[in-house]
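The values are calculated or read from the model by the stated rules, or taken from the named source; none is laboratory data. Keep in mind that what you see is a predicted model, and the values were worked out from it rather than measured. Counting neighbours? That spans all protein chains shown, and the Cβs are built from the backbone with ideal geometry, glycine included.
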Amino acid sequence: MIEVKNLTKYYGPTLAIDNISFSIEQGQIVGFLGPNGAGKTTTIRVLTCFMPATSGSATIAGHDVFSESLEVRQRIGYLPESVPFYPEMRVREYLQFRGQLRDMEKGKLKQRIGYVSERCWLSDVFNRPIGQLSKGFRQRLGLADALLHDPDVLILDEPTVGLDPTQIRATRQLIKDLGERHTILLSSHILPEVEAVCKQTIIISGGRIVAKGSIEDLRRQIREHSRLIVELKGPKDSIESSIRGIESVKSIDVTPTDGYLRLAIEVAERSDPRERIYELASRNKWSLREMRLEVATLEDFFVRAVAQQGARAAAVAEA
Amino acid sequence: MNSKVWVLAKRELSAFFFSAIAYVVLGVFLAVSGVFFAGEIFGPGKEAQLRDLFDRQAFILVFIMPMLTMRLLAEEFKSGSIEALMTAPVRDWEVILGKFFGTWLFFLAMLAPTLIYVLIVLFYGPADVYPILSGYLGLVLLGGLFVAVGVLTSAMTRNQVVAAVLAFLILSAFTFLLLGITYKVTGTWQRVLMSINIYERFGEFSRGLIDLKHVVFFLSASAGVLFVAVKILESRRWR
C-alpha cells in the first residue's frame with residue numbers, strides 16, 4: 001500500500017532523510033518511531049505530497065506521490081503534527097468545508113460528519129469556533145478531518161499529543177479498531193503508544209532507518225541482550241574469574257559501589273545463570289545483596305539503536 | 001466556476017467578515033467615498049457625475065487593497081494551515097482562484113453601498129447613466145487586477161507586511177509612478193507607458209467609454225498575474 005524506495009531529502013545543505021526504504025502492506029498498522037529531528041515528519045510530508053523528495057520514490061496505493069499527487073491525496077487521511085485550523089470557523093463548518101473540498105456528496109458528508117464528531121468526542125463543541133478550543137479539542141478535530149472521507153490510508157503524526165489519559169486510551173483503541181479496515185502509518189516518539197497500537201515498527205534516527213520489523217521481532221532481538229545486575233562483596237579478581245567461568249556469561253562490567261562490587265553481566269539469549277551465581281556466592285561466602293534480571297524494553301532498544309546511529313553519524317562527519 | 005473554487009471562495013469571503021483589517025479597509029473606503037461625494041460632487045450647481053468619485057476610489061484602492069489581500073496566503077504559510085490545504089485533493093490553481101474570487105467578491109460587497117450615490121445623483125440631477133455604468137465596470141475590473149496582484153505578493157512570503165508593501169509598490173508603479181514619467185517622454189515610449197498604465201485605461205471607463213481593448217487588458221493582466229501566483233505556489237511543491 002505504501003512503498004518507499006531510496007527516499008532522500010535535503011533541506012538546502014542539510015540531509016533530513018538519507019536513502020530510506022520501507023513498505024507497508026494493506027491493513028497494517030505501522031509505528032514510525034524516532035527521536036525529534038529524526039526525519040519522521042519530513043518523511044510523512046513527502047508521503048502526503050506536501051513536499052517533494054530530493055531523490056527516490058514513494059507510492060501510495062500504486063500512485064506516485066510526485067507525479068500522481070492528486071490521486072494520492074484523494075486516498076489518504078492526514079493528521080499533521082501541528083494541527084492547522086482557521087480560528088473563526090466553527091467545528092461543524094470546518095468539517096463541512098473539508099468534506100466539500102474532497103467532493104463528498106452532501107448526504108454522505110452529513111452522515112460522516114455526525115459519525116466522526118461522535119467518535120472523536122466533538123459533539124459538545126460542534127458549534128464553537130475553533131479559535132476557542134483547547135489543544136486537545138483541536139487535535140480531535142484534526143483526527144476527525146483525517147477520518148472524514150473514510151480513506152484507505154491514514155497517516156497520523158503524533159495523534160495523541162495534547163489529549164488527557166482517558167482520551168489517549170480511547171484514541172489508541174480507536175486507531176486499533178480502524179486498523180481492521182484501514183492501512184495506518186502512525187508517527188510517534190511515545191514508545192508505549194507504538195507498542196500498544198502497532199504490530200510493526202520502523203525506527204528512524206538521524207534520517208536513517210535503524211530498525212524495522214514486528215514488535216515481536218524487535219523484542220526477540222532485545223532478549224538477546226538481557227542483563228543481570230548482581231551486587232557482591234568479595235575479592236574482585238576471584239569473583240570476576242568465577243563468574244566469567246559460567247558458560248552463559250558473555251561479558252561483565254564491574255563497578256565498586258560502597259564496599260560492594262556491582263556487576264552488570266551480559267548473558268546469552270534465553271539463559272538464566274542466577275542459580276549458578278547464588279551457588280557460587282554462598283560457597284565462597286561472598287555477601288550477595290542484589291540480583292535481578294533486567295529484561296530490556298523496547299525503550300532500551302530504541303535508545304541504543306539511536307545512540308549507535310548517532311555514533312555512526314559522528315564518525316562519518318569526522319572522516 | 002469550478003465547485004472546489006467556489007467552496008474555497010466562500011470560505012475566504014466569510015473569513016473576511018471576521019477580520020478586523022477587512023472592516024478597517026471597508027470603513028476607510030466608504031468614508032473616503034462618502035466624504036468626497038458629499039464634499040466635491042453633491043452640491044448645487046455641480047455636474048451630476050460620478051467620474052471624479054471613481055477616480056478618487058481608484059486612487060485609494062492602491063493603498064487599501066494590499067491591506068485586504070496581504071493575509072491571503074501569507075497567513076496560511078505562517079500558521080501552517082497551508083499544510084492541510086495542500087495535502088487535500090485540491091489543485092494549486094483551485095487554491096489561487098478560490099482566494100482570488102473570495103476577495104474579489106468581498107471587494108464587490110465593499111462597492112455595493114456606494115450604489116446609493118448613484119441613486120442620489122440619478123434622482124437629483126440630469127445624470128447620464130452610461131458613464132456611471134462604465135465607471136463601475138472599470139472599478140470592478142480594476143479591483144480584480146488589484147486583488148490578483150495582492151494574491152501574488154501574498155503567495156511570495158510568510159510575512160503579511162512584506163506582502164502588503166510589495167503589492168503597494170507594484171500597484172503604485174503601474175499607476176501614479178508611471179503617470180509621472182509618461183508625460184515626460186514622447187513618441188513610442190510614451191505610447192508604451194500609457195498602455196501599461198492602469199490609470200490611463202481606467203480613466204476611459206470613468207469617462208464613459210467601454211472599449212473592449214481595455215476590458216481585455218484588465219482581464220488578461222489579472223489572468224497573467226494569477227498564473228504567476230499559481231506557479232509560485234506550485235514551486236513550493238518542487239523545493
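At pLDDT 85 or above, in a strand (DSSP E or B), within 36 Å of the chain's Cα centre (by Cα) and acidic (Asp, Glu): is that true of A:Glu231 in this structure?
yes
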Pairs with Cβ under 6 Å, 6+ apart, first in the range A:55-80 and free of Cβ contacts under 8 Å to residues at least 40 places away in the same chain, second β-branched (Val, Ile, Thr) and part of a strand (DSSP E or B) = A:Val72/A:Ile60
Please find, among A:Ile184, A:Ile204, the residue that is assigned to a strand (DSSP E or B) and in contact with a Lys or Arg (Cβ under 7 Å, 6 or more places away or on another chain).
-> A:Ile204
Restricting the range B:85-119 to residues that are surrounded by fewer than 20 Cβ atoms within 10 Å (Cβ to Cβ) and among the β-branched types (Val, Ile, Thr), which is farthest from the other protein chains (Cβ to nearest Cβ)?
-> B:Val118
The lone condition B:Pro44 fails out of (1) in a helix (DSSP H, G or I); (2) out of contact with any Gly (no Cβ under 8 Å at 6 or more places or on another chain); (3) more than 14 Å from chain A (Cβ to nearest Cβ); (4) not basic (Lys, Arg) is (1)
If you check every pair at least six apart or on different chains, which have Cβ atoms under 8 Å apart with a residue in the range B:11-32 that is closer than 21 Å to B:Gly98 by Cα and away from every other protein chain (no Cβ under 13 Å) first and a residue that is of a type in the set (S, T, N, Q) and in a helix (DSSP H, G or I) second?
-> none
Just checking, how many residues over the range A:15-67 are more than 26 Å from A:Arg181 (Cβ to Cβ), within 13 Å of chain B (Cβ to nearest Cβ) and either part of a strand (DSSP E or B) or of a type in the set (A, V, I, L, M) (or both)?
-> 3
Over the range B:150-168, the set of residues surrounded by 15 or more Cβ atoms within 10 Å (Cβ to Cβ) and of a type in the set (A, V, I, L, M) is B:Val151, B:Leu152, B:Ala155, B:Met156, B:Val162, B:Ala163, B:Ala164, B:Val165, B:Leu166, B:Ala167
Could you say which residue among A:Glu118, A:Glu158, A:Glu105 is within 13 Å of another protein chain (Cβ to nearest Cβ) and out of contact with any helix residue (DSSP H, G or I) (no Cβ under 6 Å at 6 or more places or on another chain)?
-> A:Glu105
Qualifying position, being of a type in the set (D, E, K, R) and surrounded by fewer than 17 Cβ atoms within 10 Å (Cβ to Cβ), among A:Arg102, A:Arg138, A:Arg169 | A:Arg169
List the number of the failed condition for A:Val153; all other conditions in (1) within 9 Å of chain B (Cβ to nearest Cβ); (2) under 27 Å from A:Asn6 (Cβ atoms) hold.
-> (1)
Run down A:Ser226, A:Ser238 and say which single residue is at negative phi and either touching a Phe, Trp or Tyr at 6+ places or on another chain (Cβ under 7 Å) or modelled with pLDDT under 85 (or both).
-> A:Ser226
Output yes when any residue across the range B:159-166 is outside any helix (DSSP H, G or I) and under 25 Å from B:Phe227 (Cα atoms), and no when none is.
-> yes
Filter the range A:68-86 down to the residues that are under 14 Å from A:Thr183 (Cβ atoms) and within 9 Å of chain B (Cβ to nearest Cβ), then identify the one that is surrounded by the fewest Cβ atoms within 10 Å (Cβ to Cβ).
-> A:Arg75
Specify which of the listed residues (B:Leu68, B:Leu115) is in a helix (DSSP H, G or I), more than 14 Å from B:Leu8 (Cβ to Cβ) and over 11 Å from the mean Cα position of the chain (by Cα).
-> B:Leu115
Using beta carbons and a limit of 6 Å, which pairs, at least six apart or on different chains, have the first residue in the range B:205-230 and in contact (Cβ under 8 Å) with a residue 24 or more places away in the chain and under 18 Å from B:Phe101 (Cα atoms) and the second one part of a loop (DSSP other than H, G, I, E, B) and hydrophobic (A, V, I, L, M, F, W, C)?
-> B:Ala229/B:Ala155
All but one of (1) on the phi < 0 side of the Ramachandran plot; (2) modelled with pLDDT of 90 or more hold for A:Asp150; which doesn't?
-> (1)
